[in-house]
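Everything below concerns the one structure shown next.
The values are calculated or read from the model by the stated rules, or taken from the named source; none is laboratory data. What you see is a predicted model; the values in this text were computed from it and never measured. Here Cβ is always computed from backbone atoms with ideal geometry, including for glycine, and neighbour counts include all displayed protein chains. Heavy atoms of the whole protein, side chains included, go into the accessibility calculation; ligands, DNA and RNA do not. Shrake-Rupley method; radii C 1.70, N 1.55, O 1.52, S 1.80 Å.
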Amino acid sequence: MIYLDHNATTPILPEVLEAMMPYLTTEWGNPSSAYKFGAKLKSFIETAREQVAELIGAHPLDVIFTSCATESNNAAIAAALKANPAKRHIVTSQVEHSSVLNCCMALSSGEFTSPRGGVKPPLHEPGYRVTYLPVDREGLMKLADLEAAITDQTAVVSLMWANNETGVLFPVERIAEICRSRGVLYHCDAVQAAGKLEIDVGKVPADYFSLTGHKFHAPKGIGALYVRRKAPFSPLVYGGHQERNQRGGTESVPLIVGMGKAAELARKYLPDFEKKVRPLRDELEEGILSTIPGTELNGHKNHRLANTANITFRGIESEALLVLLDKEGICASSGSACLADSDEPSHVVKAMKPESAASRQMIRFSLDAEGSKMDVAFTAAAVARATASLRD
Ligand code: PLP
């Protein structure tokens, strides 16, 4: 298998599994228990909190463990709205992950059709006005659009750091400064940035950052939300006193320990990540763009993650190409894995190139620093064979 879908999920590293093993086997107590067998587990949760905090330059007390980034995104937006009951306006972008877009759509109408179909029930009291900022053909947003969108009714801005489909980066530092100067809370979905770029909450003054473990070699089912000390927060999940009353539910010690260890490793490997992955990605991208006719890059050439290549193959349905690649043992995707079961086009590429069919004819390759040149060469050749046969 050649796995080129690391923006969808990543394998658990052996060191991460090893760190988790005691808590899956012998150390199975409840950290909230009064006796030592359970209570001693608290310190391992706190070590993991420190490890996650270090990955983003935060204080551990400002990190809350959640079940995933979908929960973190929903919790941050809900907390910001709850703290500003008189303000009924949200600003986000057309290219956010479905966990932000669908949350906003539910808030605006109560019921909604997601960008890729399917009606979902209401999440909160509906009636919020939502501005979905556009992006240009390269996936970049204009800060002037953000400035113009914010009004005295705006409670929260939710704009991601790195796009999961194209890798395109938003200017989060400037966004945070604008929000701060306008007195608006800023939530940043930093899921795709973690482990791929330096995240320093000291340099990007956002109020909330969402993370999820499975994008940087921790297991699925564990996420985190950073909440800046002075930013308002109220739980999305009410329950016991866990997470200092900020998120009810018995802590999953193995998953939390796994995320902590993965964060520590991500920090260690970060200085080399870009150096290793960029040449591989560029070779794959060049191999495809220069040899296969009717191909086009989606996303700004430079201003994007070093591991992501999103390419349109004109005249070829994404799904048909993916099936042929799968037959050759190559795993890639036509966008977000969370929406892969719908046959709607990519809402991200559609926002960038609304007039063209590019959003139905694209493949995302997302690589890892440990990939090999041989796999890249094999993939470029397999893509050339598959596109030739589909065009025939
Ligand atoms: N935000 C972005 C940008 C993502 O890529 C993803 C996952 O694909 C999520 C949020 C949701 O993460 P999770 O699967 O942990 O809920």
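Testing the spin-label approximation: label points 7 Å from Cα along Cα→Cβ at Phe37 and Ala144. State their distance in nm.
Here the answer is 6.7 nm between the modelled labels.
Over the chain, what is the percentage of antiparallel beta bridges among all DSSP beta bridges, to the nearest 5?
Working: 22 of 40 bridges.
So the antiparallel bridges in the chain amount to around 55 percent.
Kindly provide the chymotrypsin sites (Phe, Trp or Tyr not before Pro) of segment 30-108 that DSSP labels as loop, not H, G, I, E or B, and whose Cβ sees at most 16 other Cβ atoms within 10 Å. Provide the component values of the computation, followed by the final result.
Working: sites: Tyr35, Phe37, Phe44, Phe65; in loops: Tyr35.
Taking segment 30-108 and a limit of 16 other Cβ atoms within 10 Å, the loop chymotrypsin sites (Phe, Trp or Tyr not before Pro) found are Tyr35.
Based solely on its DSSP helices, what 222 nm [θ] is calculated for the chain when runs of n ≥ 4 H residues each add -39,500 (n - 2.57) and the sum is averaged over all residues, nearest 500 deg cm²/dmol? Working shown, then result.
On the way: 12 runs with 152 residues, N = 392.
Calculated at 222 nm, the ellipticity per residue is -12000 deg cm²/dmol.
Ranked from the most accessible area to the least, with a 1.4 Å probe and all protein chains present, what is the order of Lys350, Lys275, Lys87?
Details: Lys350 105, Lys275 145, Lys87 55 Å².
My answer, sorted largest first, is Lys275, Lys350, Lys87.
Which one, Gly294, Gly329, Ala306, is farthest towards the positive end of the dipole of segment 283-336 when Lys and Arg carry +1 and Asp and Glu -1 on their Cβ?
Positive-end residue among those listed: Ala306.
Mind checking the full-extension length gain between Asp282 and Glu198? Use 0.36 nm per residue of separation minus the Cα-Cα distance, one decimal, nm.
Values: separation 84, 0.36 × 84 = 30.24 nm, distance 2.08 nm.
So the chain would gain 28.2 nm between Asp282 and Glu198.
So for the pair Thr151, Met1, with labels modelled 7 Å out along Cα→Cβ, what separation do we get in nm?
4.9
Using 0.36 nm per residue of separation minus the Cα-Cα distance, give me the extension gain between Leu390 and Arg174 in nm, one decimal.
Roughly 73.3 nm would be gained on extension.
Only Lys, Arg, Asp and Glu count, each charged at its Cβ (+1, +1, -1, -1), so figure out the dipole size of the chain about its Cα centre, rounded to 20 debye. If you can, show how the numbers build up before the last one.
Values: 42 positive and 46 negative charges, 172 e Å.
Here the size comes out at about 820 debye.
Placing +1 on the Cβ of each Lys and Arg and -1 on the Cβ of each Asp and Glu in the chain, which of Gln153, Val376, Pro354 has its Cα farthest towards the positive end of the resulting dipole?
So the residue furthest toward the plus end is Gln153.
May I have the convex hull volume per residue, in Å³, for the Cα set of the chain? Don't skip to the end; give the middle numbers.
Working: hull volume 51.8 nm³, N = 392.
Output value, Cα hull per residue: 132 Å³.
Quick check for you: with a 1.4 Å probe and neighbouring chains kept, what is the accessible area per residue of the chain, in Å²? Display every interim value, and only then the final one.
Numbers: 16220 Å² over 392 residues.
With all protein chains present, the chain gives 41 Å² per residue.
Find, among the chymotrypsin sites (Phe, Trp or Tyr not before Pro) in segment 198-254, those assigned to loop by DSSP (not H, G, I, E, B) with at most 15 other beta-carbon atoms within 10 angstrom. Before the final figure, lay out the partial values.
Details: sites: Tyr208, Phe209, Phe216, Tyr226, Phe233, Tyr238; in loops: Phe233, Tyr238.
Counting only loop positions with at most 15 other Cβ atoms within 10 Å, the chymotrypsin sites (Phe, Trp or Tyr not before Pro) in segment 198-254 are Tyr238.
State to the nearest 20 debye the size of the charge dipole of segment 150-301 about its Cα centre, where the only charges are +1 on K and R beta carbons and -1 on D and E beta carbons. Before the final figure, lay out the partial values.
Details: 20 positive and 18 negative charges, 115 e Å.
Around 560 debye, computed over segment 150-301.
Given a 1.4 Å probe and every protein chain left where it sits, what share in percent of the accessible area of the chain is carbon and sulfur?
Working: 9250 of 16220 Å².
That fraction is 57 percent.
Out of residues 5 or more away from Ser93 or on other chains, whose amide H comes under 5 Å of its own, with H placed 1.01 Å from N in the peptide plane?
Leu133
What full-extension length gain, to one decimal in nm, is calculated for Thr9 and Glu27 as 0.36 nm per residue of separation minus the Cα-Cα distance? Present the calculation step by step, with values, prior to reporting the outcome.
Working: separation 18, 0.36 × 18 = 6.48 nm, distance 2.73 nm.
So the extension gain works out to 3.7 nm.
My understanding is that a pair violates if its Cα-Cα distance is over 24 Å; which of Lys301/Lys373; Lys276/Lys327; Lys142/Lys203; Lys301/Lys353 do that in this structure? Let's see the in-between values first.
Working: Lys301/Lys373 21 Å; Lys276/Lys327 28 Å; Lys142/Lys203 21 Å; Lys301/Lys353 16 Å.
Distance filter (> 24 Å) returns Lys276/Lys327.
Using Cα pairs closer than 8 Å and at least 6 residues apart in sequence, work out the relative contact order for the chain, in percent.
On the way: 824 pairs, mean separation 90.8, N = 392.
Computed over the chain, the figure is 23 percent.
Thr291: net charge of surrounding residues, Cβ under 13 Å, Lys/Arg +1, Asp/Glu -1, itself excluded? Walk me through the numbers before you get to the answer.
Details: positive: Arg385; negative: Glu283, Glu285, Glu286.
In short, -2.
Straight distance only, please: which aspartates and glutamates reach the Cα of Lys82 with their own Cα at less than 18 Å, same-chain residues fewer than 8 apart left out?
Partners within reach: Glu71, Glu125, Asp152, Asp207.
Within the set of other residues whose C-beta is less than 12 Å from the C-beta of Lys268, count the net charge using Lys and Arg as +1 and Asp and Glu as -1. Mind showing how you got there, number by number?
Numbers: positive: Lys261, Arg267; negative: Glu15, Glu54, Glu264, Asp272.
After counting each charged neighbour, the total is -2.
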